[in-house]
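Visitor: First, the structure itself, so that you have it in front of you.
The values are calculated or read from the model by the stated rules, or taken from the named source; none is laboratory data. If you're wondering where the values come from, they're calculated on a predicted model, not measured in any experiment. Note that each Cβ is placed from the backbone with ideal geometry, even for glycine, and that neighbours are counted across all protein chains shown. The area values use the complete protein model at the heavy-atom level, side chains included, leaving out ligands, DNA and RNA. Shrake-Rupley method; radii C 1.70, N 1.55, O 1.52, S 1.80 Å.
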Amino acid sequence: MPEPGQLTATSVAQHLLTLSRQLDEVTTALNAKDLEATELAEEAKVAEAKAFVRAEGSVDLRKNLAIIDTHQVRLAAKVAEATVRGLIRTVRTLQSRIDVGRSHGATVRAETQLAGHSGGV
């Protein structure tokens with residue numbers, strides 16, 4: 001029987017399964033946010049072009065007025081892009097945690113076999 005707090009092959013496998021499910025969930029969220037970020041970036045581009053065309057004055061003045069007028073839509077696009085980058089970091093973290101869990105699982109299995117027990121993950 002394992003000591004309190006000691007991981008078993010079964011507990012490692014359960015933890016890996018939990019991490020795998022989390023990875024699936026984050027990947028699904030990443031795909032949705034990536035699509036949203038793309039759509040928002042295009043909306044911002046079109047909004048800025050429309051504001052530029054509507055504005056009056058020199059080219060520089062019209063350009064800057066368009067930037068000012070489309071601040072909120074451009075900000076929404078930038079926030080969506082930042083969310084995508086954050087989800088990518090989360091995916092990488094989960095992948096690393098899964099790799100660590102696999103290594104730990106292999107160690108637990110090896111220790112179990114050395115102790116004369118049979119067990120598997």
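Visitor: Given a 1.4 Å probe and every protein chain left where it sits, what share in percent of the accessible area of segment 1-115 is carbon and sulfur?
Guide: C and S fraction of accessible area: 57 percent.
Visitor: Set the Förster radius R0 to 25 Å, insert the Cβ-Cβ distance between residue 72 and residue 31 as r into 1/(1 + (r/R0)^6), and round the FRET efficiency to 0.05.
Guide: Once rounded, the FRET efficiency stands at 0.50.
Visitor: Compute, for residue 75, the solvent-accessible surface of its heavy atoms (probe 1.4 Å) with the complete set of protein chains present, and express it in square angstrom to the nearest 10.
Guide: Estimated to the nearest 10 Å², residue 75 gives 80 Å².
Visitor: Taking a probe of 1.4 Å, how large is the accessible area per residue of the chain, in Å²?
Guide: Normalised by residue count, the accessible surface of the chain is 71 Å².
Visitor: For segment 36-109, what is the relative contact order in percent, using Cα pairs closer than 8 Å and at least 6 residues apart in sequence?
Guide: 35
Visitor: Quick check: the angle from helix 9-54's long axis to the longest principal axis of the chain, C-alpha only, nearest 10 degrees?
Guide: Orientation of helix 9-54: about 0 degrees from the principal axis.
Visitor: Give me the net charge of residue 95's neighbourhood, meaning all other residues with Cβ under 13 Å from the Cβ of residue 95; Lys, Arg count +1, Asp, Glu -1.
Guide: Net charge around residue 95: +2.
Visitor: Something else: Can you give the FRET efficiency for residue 10 and residue 83, using 1/(1 + (r/R0)^6), R0 = 35 Å, r = Cβ-Cβ distance, to the nearest 0.05?
Guide: 0.45
Visitor: Right, another one. With r as the distance between the Cβ atoms of residue 46 and residue 93 and R0 = 35 Å, compute the FRET efficiency 1/(1 + (r/R0)^6) and round to 0.05.
Guide: 0.50
Visitor: Can you give the Rg and Dmax of the chain based on its C-alpha atoms, in angstrom?
Guide: Taking only Cα atoms of the chain, I get Rg and Dmax of 25.3, 85 Å.
Visitor: Using each residue's phi in segment 80-85, evaluate 6.51 cos²θ - 1.76 cosθ + 1.60 at θ = phi - 60° and report the 3J(HN,Hα) Karplus result to the nearest Hz, with x for Gly and Pro.
Guide: 5, 5, 5, 5, 4, 4
Visitor: Can you put 33, 50 in order of accessible area, largest first, using a 1.4 Å probe?
Guide: Largest accessible area first, the residues go 50, 33.
Visitor: With all distinct Cα pairs included, what does the Kirkwood hydrodynamic radius of segment 27-83 come out to in Å, to one decimal, could you say?
Guide: For segment 27-83, inverting the mean 1/r across all distinct Cα pairs yields 11.9 Å.
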